[in-house]
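Inspection log for the structure reproduced underneath, given as structure tokens.
Please treat every number below as a calculation from the coordinates, not as lab data. None of these values were measured; they are calculated from a predicted model. Every residue, glycine among them, receives a Cβ derived from its backbone with ideal geometry; neighbour counts consider all protein chains shown.
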Amino acid sequence: MTFRKLLALAAATFGLAASAALAQQPGTFATISPPQPVDGSGKIEVIEFFWYGCPHCYALEPAVNSWLKNLPKDVVFRRIPATPGDTGWGEASRVFYTLESMNLLDQYHQRIFEAFQKEKVNLGQKAKRDEWLAKNGIDPKKYDETEKSFTVATKLARAKQLTYAYKIDSVPRVIVNGKYYTAPELAGSSANIFPVVDQLVAQARKEASAPTAKK
């Protein structure tokens, strides 16, 4: 689901001159130029940029979960909620990071998707969110306290920074080791995304093992 119109409205804060210019390549993936630094602690980093309000991201979830069951030991996977400036997507990102900080994200990630996609509940609105939280056994008061924490603010700022750095203009988008990305429109369908990711992981593994050229 593209949000170019939203980016246009948020151009003042999101920026159009991001540090990473994405160079489209023919085929099932594209390259990121220049490559972005990774935070995989020595492992190959795979990042999924998504938005809870995106039906394509929701449809991709079964494939994500299936792929994670056989996550290679040398790969680390991270979900990052796309946060493009003042588009309103930041409220969904806030829910993500607040529940993550409460150690509840794994338990409620799918339910958040269902709230947006099936129940049509906008968790960006406090009254509706508090009602949803209570219904799902989460203390709204504790949620509010955590939401205002420095930890959540820091994670939100980082999500914005990465959304900007990778010039994310559509979701879902899957980044491999800061160098490559794929998406449904490149892979041909959501079902093809993770076979492409596996190929890109293999490429990143090959690059990591290649001897460094001497100057």
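Remarks
- Residue of T28, T151, T163 that the Gaussian network model of the chain assigns the largest fluctuation, springs spanning Cα pairs under 10 Å: T151
- Measuring r between the beta carbons of K73 and Q107 and using R0 = 22 Å, the FRET efficiency lands at 0.35.
- Additional length obtainable on full extension of the chain from A127 to A210, 0.36 nm per residue less Cα span: 24.4 nm
- Residues considered: A115, A157, A134. Largest GNM mean-square fluctuation over the chain, using C-alpha springs under 10 Å, is found at A134.
- The A165 and K120 beta-carbon pair, evaluated with R₀ = 30 Å, returns a calculated FRET efficiency of approximately 0.40.
- Between D198 and R158, the simple spin-label model (points 7 angstrom out along Cα→Cβ) gives 3.0 nm.
- Rounded D (µm²/s) - the stretch 116-161, Kirkwood Rh over Cα pairs, Stokes-Einstein at 4 °C, 1.567 mPa s: 110
- Antiparallel %, DSSP beta bridges [both residues in the chain], to 5: 65
- Using only alpha carbons, the stretch 112-215 has a radius of gyration to Kirkwood radius ratio (Rg to Rh) of 1.13.
- Only DSSP H runs of four or more residues enter the estimate; each adds -39500 (n - 2.57), and after division by the residues of the chain the mean residue ellipticity at 222 nm equals -14500 deg cm²/dmol.
- Working from Cα pairs under 8 Å separated by at least six residues, relative contact order for the chain is 33 percent.
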